[in-house]
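The values are calculated or read from the model by the stated rules, or taken from the named source; none is laboratory data. Because the structure is a prediction, the values reported are computed rather than measured. Cβ placement follows ideal geometry from the backbone for every residue including glycine, while neighbour counts extend to all protein chains displayed.
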Amino acid sequence: MKIMIVGGGGREMALVSTVARFHEVVAAGGSDAIAQLASESLPMMAWEELADEAVRRGIDLTIVGPEAPLASGIVDVFTARGLPIFGPTRAAAQIESSKAFAKEIMTQAGVPTAAFQVFTDADAARSYLDTASFPQVLKENGLRAGKGVTICGTREEAEAVLQEIELDSENPLLIEDFLDGFEFSLIVMAHGTNFVALPVAQDHKPIGEGNTGANTGGMGAISPVPRVTQAFYDEAVARVIVPTLAQMTANGTPFTGFLYAGLIQTAAGVRVIEFNARLGDPECEVILPRIESDLAGALLDLLAGGTPQVQVSEEFCLGIVLSSPGYPGTISQYPEIPSSLFEAVEAHPRADIVHMGTRFAPDSDCGSEAGGSWIAAGGRVAIVTMKGASIDECRTQLLALLEDGLAGSELYWRRDIGTFAS
Ligand code: AMP
Ligand code: GLY
């Protein structure tokens, strides 16, 4: 089949390499690194034009990676033209793009989540915070690449956040109770109320080791997560995924696509921290390499009303993100990824590298097509993954590989990825 994959980050490169094991891939809006894997690369363009390109090429299925195209209605355009596409409509994608929408669904469906209030006026938020017990979690609405959330330990910290943002009915602020527990990510491939659950994963959001410091888009991931037992996984599916999909269908905004539930196991049971309308990044970079069967075939089967079986390897996959200095604040430098890293990955049979934000700089002196280097072009640059029989095995091998391949590099990475999973 011919599969079109939309987007140019790490999630999309992982999707492209997974799908390309079985099918021809056309990339739309892909990165330089994706262009090396895809059989054809198209630039990002208006959705109607992209739909024309899909028709022209006889694309069997389009898979949408990032949230922005979903929130701007790519699925609505393709569906109106009868083109198979896997992703939520603009209305359903609000489960990610509007935290207030997500909370409304959860309230209607009885899905457990933190107690919350929505404010469109800063003074009302101040009065509420005056009597609240801290910590409180302040969440800006809309798509913020994982960075619109501040956990405030004190009233003063909350005030500092309020000073920086402008509240109105378009930009509400959600204030919710702090939940204490063990976080993990559960992603399902859904079509209406029908779904197939993917293996569980765990992200590592803060920039610093020990899960300290500012939140990022995610600094590493592991799949599976030993602490999430089968019983606990089944409970999360039953209490979160099933009622959420049923409620969205009942509300006339059925969800098709990857539904991502960011969950936390508290002393009182599982709670939803957030929903995303897409695959998690960096979670999918450690989930997809474990899928042995044909992913695109499974998605088409789902769209046709089936419930496909997905074969998953028993192995662990651990990924460590490399970031540019300064991230998630102002980036001070965009380093080159040293060729020694690519050599080390190439030399290790269980290692792989997925580009998240890079560009290829051809080596003009060299004149050969192979010559050139990969330069960081974003905060999160790449994720290096390692498969193995245990988390410790993956971690030890991967850390040794990075120490060796990145000696002298300015790129930053956390050395404790995977140590919270058991
Ligand atoms: P979000 O963008 O909503 O996923 O939030 C980013 C991160 O902030 C989450 O992965 C959690 O680590 C943390 N967080 C968000 N909401 C809460 C909460 N209510 N209680 C504790 N931590 C939270
Ligand atoms: N890893 C969290 C996210 O994709 O939003």
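A few points about this structure:
- The test for being out of contact with any Pro (no Cβ under 9 Å at 6 or more places or on another chain) and at pLDDT 95 or above does not hold for I331.
- Test: residue in the range 257-267 that is over 30 Å from S323 (Cβ atoms) and either of a type outside the set (F, W, Y) or within 16 Å of ligand 1 (Cβ to nearest atom) (or both): yes
- Taken together, D416, D363 contain a single residue that is within 21 Å of the chain's Cα centre (by Cα) and among the acidic types (D, E), which is D416.
- Counting only strands (runs of 3 or more DSSP E) that sit completely within the range 350-422, those holding 3 or more residues that are hydrophobic (A, V, I, L, M, F, W, C) correspond to 351-355, 372-376, 380-388.
- Candidate set from the range 54-94 (those that are among the charged types (D, E, K, R) and either assigned to a helix (DSSP H, G or I) or within 24 Å of the chain's Cα centre (by Cα) (or both)); member that is nearest to G280 (Cα to Cα): E67
- Residue count for the range 165-177 under the criterion of being at pLDDT 90 or above and out of contact with any Leu (no Cβ under 9 Å at 6 or more places or on another chain): the result is 1.
- Selection of the range 336-349 for residues being among the aliphatic types (A, V, I, L, M), surrounded by 14 or more Cβ atoms within 10 Å (Cβ to Cβ) and in a helix (DSSP H, G or I) yields L341, A344, V345.
- Residues in the range 272-295 that are small (G, A, S) and within 19 Å of G8 (Cβ to Cβ) were compared, and the one that is nearest to ligand 1 (Cβ to nearest atom) is G280.
- Failed criterion for P84 (all others in (1) free of Cβ contacts under 8 Å to residues at least 12 places away in the same chain; (2) surrounded by 15 or more Cβ atoms within 10 Å (Cβ to Cβ); (3) not polar (S, T, N, Q) hold): (1)
- Candidates Q333, Q309 - the one that is part of a loop (DSSP other than H, G, I, E, B), within 30 Å of I105 (Cα to Cα) and either away from ligand 1 (no atom under 16 Å from the Cβ) or small (G, A, S) (or both): Q309
- Scope the range 213-227; condition within 16 Å of ligand 2 (Cβ to nearest atom) and closer than 16 Å to G269 by Cβ; matching residues: none
- Restricting attention to the range 178-204 and to residues that are crowded, with 17+ Cβ neighbours inside 10 Å and among the charged types (D, E, K, R), the residue that is nearest to ligand 2 (Cβ to nearest atom) turns out to be D203.
- Within the set A382, A376, the sole residue that is surrounded by 17 or more Cβ atoms within 10 Å (Cβ to Cβ), without any contact (Cβ under 8 Å) to a residue 60 or more places away in the chain and within 26 Å of F360 (Cβ to Cβ) turns out to be A376.
- Elements of type helices (runs of 4 or more DSSP H) in the range 242-305, at least 3 residues being in contact with a helix residue (DSSP H, G or I) (Cβ under 9 Å, 6 or more places away or on another chain), surrounded by 24 or more Cβ atoms within 10 Å (Cβ to Cβ) and in contact (Cβ under 8 Å) with a residue 40 or more places away in the chain: 283-287
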